[in-house]
1. When the Cα centres of segment 474-543 and segment 173-251 are compared, how far apart do they sit, in Å?
2. Mind ranking 182-192, 114-124 by how tightly packed they are, going by the mean number of other C-beta atoms within 10 angstrom, highest first?
3. Using 1/(1 + (r/R0)^6) with R0 = 41 angstrom and r between the beta carbons of ARG186 and SER501, what's the FRET efficiency to the nearest 0.05?
4. Kirkwood hydrodynamic radius, segment 347-463, all distinct C-alpha pairs: what's the number in Å?
5. Of MET233, CYS163, GLY423, which is farthest towards the positive pole of the chain's charge dipole, taken about the Cα centre with +1 and -1 on the beta-carbons of Lys, Arg and Asp, Glu respectively?
6. Rank by packing, highest mean first: peptides 474-484, 495-505, with packing defined as the count of other Cβ atoms within 10 Å averaged across residues.
7. If r is the Cβ-Cβ distance from ARG339 to ARG225 and R0 is 60 Å, what FRET efficiency results, to the nearest 0.05?
8. Taking only the Cα atoms of segment 332-531, how large is their convex hull per residue, in Å³?
Amino acid sequence: MPYGMRLTVDSHVIEQHLWRVRNMTAVHVYMNDDYFVNRDVAITDLFNEYGGTIVRTEKGILRKGVLGPQKGGTWGDGVRHTHLFNIMELDVLHEDYLPAELERKWSAERLQRGASGVDVPVSPMALNEIIDTAYAHAPAPLPATLLPRRHRRYATHAPFVYCTNMHRFLQTRYGVELGYNALRHRSRKARDLFVPFLYNAFIMARPWQASPRFLPYLLELHRSRREARTDAMPPTQIVLDNFDGCGPASLRGGSVASECIFGKFVDNVTANEAVMERVRQTNPLYFNINAGFSTAEAAAQLRSFLHGKFPTPVYLEVGGAPTAGEDVAYGAEEGALSRLFGDLMALPVVCVVSYEEGVCPLVRSLALAFAGHHRGGVRVSVEQHGGATLRETRAALGHGVVSAMPAPACTYGERVRVGPATGGEDISDIARRALDAMGGGVELPATCGGGGAGLRVRGFVVDARTRGVPVRSAAALRDALAAPAQTLSLEDFRAVAVGPSERDVVLVVSREDADAKAVHWVNGASESDLLVTYPLPVEAYEDMGAEVRW
């Protein structure tokens with residue numbers, strides 16, 4: 001999520017950024033928590049014969065687009081507002097329209113980079129910059145109402161099959177509109193742009209716009225017109241394959257064609273039974289259960305229905321069950337892996353930060369990074385670089401801290417130790433010094449891939465140091481602190497030798513490796529920024545009986 005906009009309960013804002021997940025595939029499937037997959041899904045349920053995504057909609061046609069109310073509003077108001085936006089962009093404005101302000105901005109950015117031409121993509125705004133754009137620019141006003149020039153339908157409550165490049169295009173081309181909403185709408189509002197309706201409209205009308213080549217082409221086209229050039233624009237080839245432009249989508253509208261059923265549970269047992277019977281009789285591919293109930297009786301009715309519908313849990317990360325002859329070997333292997341995992345989780349974690357304010361959120365992040373399994377000690381080293389503290393830097397740069405929500409400060413338990421480290425020290429030296437007093441290690445088995453076989457792991461290192469300390473600019477300040485923001489796997493670490501032999505290593509996860517390892521980190525300019533993500537004390541590392549300090 002963008003810097004300064006993380007504290008939000010507006011799902012329409014959150015959905016804008018899902019395409020940014022590292023290692024996102026060219027096509028991804030997104031679903032809400034009340035969507036259910038009712039039977040086996042084939043590849044042809046996701047893609048058409050051209051490789052394009054299948055768009056499932058309701059039967060109902062959207063009529064006129066209507067500007068949403070400035071405050072509050074219903075879900076229907078939001079749908080009509082998004083429909084208004086789609087009509088303006090796809091029916092009223094032409095494919096080659098580009099706002100003059102965007103043209104100037106992108107041209108200036110390309111000039112600054114010394115890049116030009118249709119082969120140089122226009123990059124979406126960096127997450128840290130969205131808040132600046134949201135403060136500085138307001139989107140063009142929309143008319144009160146517009147009538148569509150083509151039919152568009154209500155999106156279904158079913159898993160959405162998304163071409164990722166279309167979301168990249170929307171975030172790039174309409175960054176001002178989306179950023180403006182993200183800053184001002186911290187809960188759902190009628191003037192949000194509803195992502196499923198936005199995606200469906202654009203994928204059906206202009207799949208080629210998703211290509212990274214389209215916006216550079218548009219920029220060059222406008223430059224050519226402005227300069228009144230007589231030479232023809234060179235042709236730009238766009239392939240509709242989901243890796244360049246998006247594949248041509250297919251629309252399946254109505255419950256029969258879409259194979260989807262919309263269900264809603266209310267405080268009426270008879271009405272709920274009718275929903276369940278419809279699902280049983282129709283046997284759709286997908287159904288959803290919208291929550292409109294508040295009684296224990298309705299909750300028990302829904303629980304019973306779902307237990308009957310899905311009696312066997314499906315664990316997505318567990319392999320198929322072994323055959324009878326494989327049971328013994330399978331059990332032995334599982335037992336060995338469990339012991340190995342337990343031994344690894346008992347090893348110490350060494351954390352390194354450049355500023356004292358980064359210690360508390362980094363320690364709390366370990367509960368997520370190790371999924372609550374870590375049982376070893378934690379040693380945090382704070383670099384002594386001789387520069388200003390982060391508080392002094394913020395004051396010098398005029399950067400105020402906005403405490404978006406109260407969070408208790410850390411009071412560390414006996415498993416956590418915090419001490420100084422020399423600035424610019426090699427990570428292996430920091431780890432070696434921290435681990436010297438702690439013997440032992442865990443040898444990885446021969447079956448371990450990625451070059452890990454036979455390595456003796458002495459501990460883990462989380463290198464959260466700040467690049468270019470001390471921080472001197474407002475842009476760098478937003479990246480001054482960071483903590484891992486996901487659960488880590490063995491493949492997310494790299495091995496660094498610490499001796500005495502070359503096979504004695506620590507496993508390091510580092511900010512510098514974030515791109516290469518596809519690991520997500522959360523950044524901030526203050527302890528408060530990161531405690532929005534990690535607000536709660538962690539029993540394993542903190543003294544839960546200590547007096548609370550906010």
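1. First find each Cα centre; the distance between them is then 35 Å.
2. Ranking, from highest mean packing down: 182-192, 114-124.
3. So, using R0 = 41 Å, E works out to roughly 0.15.
4. By the Kirkwood definition, the hydrodynamic radius is 16.3 Å.
5. Result: MET233, furthest along the dipole toward the positive end.
6. 474-484, 495-505
7. 0.30
8. Measuring per residue, one finds 124 Å³ for the Cα hull of segment 332-531.
The numbers here are math on the coordinates, done by the rules we state, and not lab data. All figures in this text were calculated on a predicted structure; none of them were measured in a lab. Please note: Cβ atoms are built from the backbone with ideal geometry, for glycine as well, and neighbour counts cover all protein chains shown.
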